[in-house]
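Okay, so here's the structure we're looking at.
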Amino acid sequence: MKFGKSYLKRIPFIRYYLTGKTFLNDSNYKEAQEKSFSESIKTPKRTEIINFLLSLSNEKTRYLEIGVRNPDHNFNHITADEKYSVDPGFEYEENPADFKMTSDDFYDQLSNDKILSSKIKFDVIFIDGLHLASQVDRDIINSLKIIKNNGFIVLHDCNPPTEWHARENFYYHNTPAGIYWNGTTWKAFFKWRCNSSVNSCCIDSDWGIGILSKERLIGSSIKVDNPFYEFNNLVKHRKTNLNLVSFDAFKSLLV
């Protein structure tokens with residue numbers, strides 16, 4: 001009988017069925033599915049938060065978006081007197097971005113006065129490009145050079161609900177998180193949470209909307225012992241590590 005069961009498990013369709021059944025009933029899978037759904041229905045979305053930040057200015061506003069993809073998802077709904085978009089077009093073939101290039105190329109050309117002006121300053125810069133920590137960190141560094149002192153740098157995907165959402169490989173979907181992907185943006189945001197040159201917080205909505213500002217008192221920097229950016233260490237004190245706040249609590253800091 002034991003030999004019979006062992007033999008049956010070698011038959012491809014039976015092996016696939018048993019493997020799939022085990023995967024779908026795994027506690028990690030179920031937890032990630034539940035958290036994906038919970039996060040996907042949270043409001044407000046990034047568009048509302050960005051428009052709120054722009055509304056705080058009594059002067060003409062200037063907005064920059066890094067990583068646009070389909071502009072109908074956010075960019076077209078942003079209310080600003082001037083707004084510019086940057087995207088190389090890898091994910092959206094039509095790519096109607098103002099600057100069809102990577103963010104690295106954009107910042108390089110901007111600093112050399114090849115586009116716009118190296119003296120330009122923005123009220124809000126939204127970073128939603130390549131979701132890998134090294135790239136996000138470069139985008140933050142470059143954005144800090146051209147953001148107004150009282151302006152805001154906004155980052156999407158700073159609060160991945162599980163380690164599966166925080167994987168490096170976007171294209172691998174056979175995980176408990178499925179197609180949902182936040183990448184390692186959280187690592188770049190956490191790095192700047194520990195930097196005393198900026199104030200920071202993360203709005204607990206839309207997969208984590210990270211906010212950085214030079215002058216706005218939205219959250220002091222922290223000293224946390226997680227030098228290797230291990231996800232489990234982030235989770236232990238998630239609220240403190242990210243300075244997670246509700247949108248209402250965030251607004252109360254600024255209005």
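Coordinate-derived values only; no laboratory data. Small disclaimer: the values here were computed from a predicted structure and weren't measured. In this analysis, Cβ positions are derived from the backbone assuming ideal geometry, glycine residues included, and neighbour counts consider all displayed protein chains.
Determine the sum of side-chain charges near Glu215: Lys and Arg each +1, Asp and Glu each -1, restricted to other residues whose C-beta is under 15 angstrom from that of Glu215. Show your work: numbers first, answer last.
Numbers: positive: Lys121, Lys148, Lys214, Arg216; negative: Asp123.
Once all neighbours under 15 Å are counted, the net charge is +3.
Could you grab the relative contact order for region 43-254? Cα pairs under 8 Å, six or more apart, rounded to a whole percent.
Values: 395 pairs, mean separation 35.1, N = 212.
Over region 43-254, the number comes to 17 percent.
Electrostatic tally near Cys194: other residues with Cβ closer than 14 Å to its Cβ, Lys and Arg +1, Asp and Glu -1, net +2. For region 202-217, the Karplus equation 6.51 cos²θ - 1.76 cosθ + 1.60, evaluated at θ = phi - 60°, returns couplings of 9, 6, 7, 6, 6, 6, x, 9, x, 10, 10, 8, 6, 10, 5, 7 Hz by residue, with Gly and Pro reported as x. Counting Lys and Arg as +1 and Asp and Glu as -1, what is the net charge of the other residues whose Cβ lies under 11 Å from the Cβ of Asn95? Result for the neighbourhood of Asn95: -3. Please check which bits of region 182-211 a label hung off Asn233 would reach, taking the label as a point 7 Å along Cα-to-C-beta and the cut-off as backbone N under 19 Å. Only 184-196 pass the distance filter. Placing R0 at 41 angstrom, the Cβ-Cβ distance between Asn76 and Thr22 gives a FRET efficiency of 0.40 after rounding to 0.05. Placing +1 on the Cβ of each Lys and Arg and -1 on the Cβ of each Asp and Glu in the chain, which of Pro71, Ala188, Gly20 has its Cα farthest towards the positive end of the resulting dipole? So the residue furthest toward the plus end is Gly20. Checking every one of the trypsin sites (Lys or Arg not before Pro) in region 65-145 against DSSP loop status and a limit of 11 other Cβ atoms within 10 Å picks out Lys114, Lys119.
For the residues Tyr92, Tyr17, Tyr171, a GNM of the chain with alpha-carbon springs under 10 Å puts the largest fluctuation on Tyr17.
Rounded to the nearest 5, the antiparallel percentage of DSSP beta bridges internal to the chain is 30%.
For region 24-82, the Kirkwood hydrodynamic radius comes to 14.0 Å, computed from all pairs of different C-alpha atoms. Identify the residues of region 72-105 with backbone N under 19 Å of a label point that sits 7 angstrom from the Cα of Lys119 along the Cα-to-Cβ direction, or state none. Backbone N within reach: 82. The phi torsions of region 97-106, fed into the Karplus equation with coefficients 6.51, -1.76 and 1.60 and a -60° offset, translate into couplings of 4, 5, 10, 8, 6, 6, 5, 4, 5, 4 Hz, rounded to whole numbers, with Gly and Pro shown as x.
The GluC sites (Glu not before Pro) found in region 41-73 that occupy coil by DSSP, while having at most 13 further C-beta atoms within 10 Å, are Glu59. In degrees from 0 to 90, rounded to the nearest 10, what is the angle of the helix 27-40 Cα long axis to the longest principal axis of the chain? Taking Cα atoms only, the helix is inclined about 30 degrees.
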